[in-house]
Amino acid sequence: MTKNNLHTFHIPVMGLAYTIDSPIRVAQYGISSVIALADDDLIEKMRNFYSTKFNIPYEEITQKFHDYRAERITSYLNLVDKIVKEKFENFKTELAESKTALENFISMLPNTSDIKKGFQNLLDDGITFKENIQNYIESHLFPGDIDVNIMTKLDKDNFIKNEQLPIEFNDAHAALRGFANSNLESSVVLSAGMNPRLFGYFENFKDFFPNENNELKKKIILKVSDFRSAMIQGNFLAKKGLWVSEYRIESGLNCGGHAFATDGLLLGTILEEFKQKKDQLIQSAHELMIKALQVKNQHFPENPLELKITVQGGVGTAAEHEFLLDEYNVDSVGWGSPFLLVPEATSVDKETRNLLMNAKEDDFYLSNISPLGVPFNTLKGTTNEFLKQKRIHENKAGSSCPKKFLALSKEYDPHGICTASKKYQDIKLEELEAKKNSLSADEFEKNKIKITEKSCLCVGLANASYLENNIKIKGQAQGVVICPGPNLAYFDQEVSLKQMIQHIYQGKSIIRTNDRPNLFIKELKMYINYFRNEIQSVSGEFTAAQLKKWNSFKSNLLDGIEYYKNLFESTTVFKGDLNQLDSCKSELVGIKIPVSELV
């Protein structure tokens, strides 16, 4: 059996802090989750916290260490691995000795699980001898994967004074090295698109290449938003002898954190294309990988390695979960934002969790607060937003920028400045002030908001763990930034891990509203709003390229609606939502693309 047969869901990466220790919390139950590697300062503090908690010797890795970022990451991942293995061994002992614990665990497994059926048969047959249960546990249970995430765009150059360090000391490169040097046998999830230099750096680590038994000690997962992107990135890596073990398809807009919109391609049509062309994806990469490994004089597998397709973004019910598994043959479904309301699974401070529980549909919005310049899903009423607005009101806009992970703009400094920093915003506001007489009051205010709306994500997305664990927060107060997907609007209560899992598998719903649209309809509506806003946000003459893009975008949405009509008619899961598709189509048709003299 393969390791991933125990559960049909995984917990994706959330922010910097929200899943920073999720494996320690849930891996013993066979649940896989993902740790963000962006913030080595947070990682070091969490290593200190857990070393103290589990009485493990700790020696601080300061910034004076030559390769401190990579070493901090390696040390933390090794610590997490050690703790997870110990907790798993203790959990197995508990299951073997306690029938109540075993029955409780069985109730948290999917009904389709062969392991669940095996356990149930042992209990039903009255075979309760400790030795028999122990043997079954030893041969069938394993901890969830301790996967990691690297945002490929967060690959800032680093300096010692004015001397630029070699590329391998860039942020993402160092994070990859930290993972590669760890004891983990798991996967790195690469998100935010292709970084050719980073992808090439994988060749330095043998664990990413197949061994004599055609096994990969460390695997690559690509988070993608469409098939074309998957094919391009997968083949790029294959030409270096590297295999992508999983394509993690994420909704372009109906997701948490940064939202990378497609060209109007909807989740259902994307999943259908992966379903139809999976063999093409495998064969193309396999042929390229073999050629590359032969050139390198390395062992190569004669047959393609395993390739998984998973999906995440906006899934909210057991019916949707099961439908995605059955209709598109995906290997796992990601459940992210709802787990923010599960204290056993994620790191969230009480104030923020209460804000999430009480938030309504209109409180979740696609913002421009990210210094990356990419739309960012967030929530109204955060402490970060309050403190940011307070500074703006006091004419002290901008962050002190202590961590500089997003200091990527080289407009004013070759070392890079973050657009959320006070240093950057002071320059921009001074430039704006010089143009004040040539702008209307409305234009001036819009430009000012564009400059000052950026938030310090480096600090804001890490603070929840500090607050939850009573770790001292130094420096300028930034509060908490939270980045849930809009799907969380329909979850309004704190629940146990068992309740959430039974909601996913058994339809024991924790949603207390009847107004939740299904995941496909919700995403469609978001794309229509996104499309309307894109057109309205452009002032002046439209370019031929813009008009071509908008026409393609609209055409893809209309094709997606037709696909959903056929899909909804063929299943009982979404049959009642057909009228909503007609309403969405009418709304989309009513959005007129401007006519330009250029076309």
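The values are calculated or read from the model by the stated rules, or taken from the named source; none is laboratory data. Predicted model, so just to flag it, every value in this text is computed and none were measured. Note that we place each Cβ from the backbone using ideal geometry, even for glycine, and neighbour counts take in every protein chain shown. These area figures cover heavy atoms from the full protein model, side chains too; ligands, DNA and RNA do not enter into them. Shrake-Rupley method; radii C 1.70, N 1.55, O 1.52, S 1.80 Å.
How many angstrom lie between the Cα centre of the stretch 169-223 and the Cα centre of the stretch 87-153? Spelled out, the Cα-based centre of one part sits 30 Å from the other.
Would you mind counting up the charge near residue 25? Only other residues with Cβ under 11 Å from its Cβ, with Lys and Arg at +1 and Asp and Glu at -1.
Summing Lys and Arg as +1 and Asp and Glu as -1 gives -1.
When you work out D = kT/(6 pi eta Rh) for the stretch 195-235 at 4 °C and 1.567 mPa s, using the Kirkwood radius from C-alpha pairs as Rh and the Stokes-Einstein form, the result is 111 µm²/s. Here the stretch 8-63 is treated as an ellipsoid with the same Cα gyration tensor; its semi-axes, largest first and in whole Å, are 23, 15, 6.
A Cα-only calculation for the stretch 378-503 places Rg and Dmax at 18.0, 62 Å. Each Lys or Arg adds one and each Asp or Glu takes one away; over the other residues whose Cβ falls under 12 Å from the Cβ of residue 175, this sums to -3.
How big is the equivalent ellipsoid of the stretch 440-553 along its three axes, where each semi-axis is √(5λ) from the Cα gyration tensor, reported in whole Å from largest to smallest?
36, 28, 11
Our summary of shape: the Cα atoms of the stretch 248-378 have principal axis extents of 57, 36, 35 Å, ordered from largest down, in whole angstrom. Applying D = kT/(6 pi eta Rh) to the stretch 101-191, where Rh is the Kirkwood radius over alpha-carbon pairs, T corresponds to 20 °C and eta to 1.002 mPa s, the Stokes-Einstein value obtained is 125 µm²/s. In terms of packing, defined here as the mean over residues of other Cβ atoms within 10 angstrom, the peptides 77-88, 333-344, 584-595, 167-178 line up highest first as 333-344, 167-178, 77-88, 584-595. Residue ranges 291-297, 499-505, 107-113 sort as 499-505, 107-113, 291-297 when ordered by packing (mean number of other C-beta atoms within 10 Å per residue, highest first).
The P(r) of the stretch 232-286 has a tail past 15 Å containing 56 percent of all C-alpha pairs. So what's the net charge close to residue 339: Lys and Arg +1, Asp and Glu -1, counting the other residues with Cβ under 12 Å from its Cβ? Neighbour charge sum, excluding residue 339 itself: 0. Of the residues 167, 425, 139, the one whose Cα sits farthest toward the positive end of the charge dipole of the chain, with +1 on the Cβ of Lys and Arg and -1 on the Cβ of Asp and Glu, is 425. Charged side chains reduced to their Cβ positions (Lys and Arg at +1, Asp and Glu at -1) give the stretch 478-546 a dipole of some 340 debye around its Cα centre.
Under Stokes-Einstein, with the Kirkwood radius over Cα pairs as Rh, the value for the chain at 4 °C and 1.567 mPa s is 51 µm²/s. Sorting 41, 426, 21 by accessible area puts them as 426, 41, 21; the probe is 1.4 Å, largest comes first, and only protein heavy atoms count.
With +1 on the Cβ of every Lys and Arg and -1 on the Cβ of every Asp and Glu, and nothing else charged, how large is the dipole of the stretch 244-356 about its Cα centre, in debye rounded to the nearest 20?
It comes to approximately 360 debye.
Working ranking of peptides 431-443, 408-420, 468-480 by packing, defined as the average number of other Cβ atoms within 10 Å per residue, highest first, is 408-420, 468-480, 431-443.
Across the alpha-carbon atoms of the stretch 488-587, the computed radius of gyration and Dmax are 18.0, 56 angstrom. Near residue 183, the amide H atoms lying under 5 Å from its own belong to 78; only residues 5 or more places off or on other chains count, and H is placed 1.01 Å from N. Based on Cα contacts under 8 Å between residues 6+ apart, the chain shows a relative contact order of 15 percent. With Cα atoms as the point set, the radius of gyration and Dmax of the stretch 291-353 evaluate to 19.2, 56 Å. Solvent exposure of the chain, expressed per residue, is 45 Å² of accessible area, with all protein chains present and a 1.4 angstrom probe.
Note that the stretch 297-304 has calculated 3J(HN,Hα) couplings of 6, 10, 4, 9, x, 5, 9, x Hz, one per residue in order, obtained from phi through the Karplus relation 6.51 cos²θ - 1.76 cosθ + 1.60 (θ = phi - 60°); glycine and proline are x. The distance from the alpha carbon centre of the stretch 330-353 to that of the stretch 392-461 is 32 Å, rounded to a whole number. In the chain, taking the dipole from charged Cβ atoms about the Cα centre, the farthest positive-side position among 495, 452, 470 is held by 452. Taking the three principal axes of the alpha carbon atoms in the stretch 1-150, the coordinate ranges are 61, 29, 22 Å, sorted in descending order. Taking every DSSP bridge with both residues inside the chain, close to 25 percent are antiparallel. Compactness of the stretch 83-150 was expressed as the Cα radius of gyration divided by 2.2 N^0.38 Å, which yields 1.18. Taken about its Cα centre, the stretch 239-301 carries a charge dipole of roughly 360 debye when the Cβ of each Lys and Arg holds +1 and the Cβ of each Asp and Glu holds -1. Helices in the chain that qualify as membrane-span-like (whole DSSP H runs, Cα extent of at least 24 Å along the helix axis, mean Kyte-Doolittle hydropathy of -0.5 or higher) are 267-295, 519-536.
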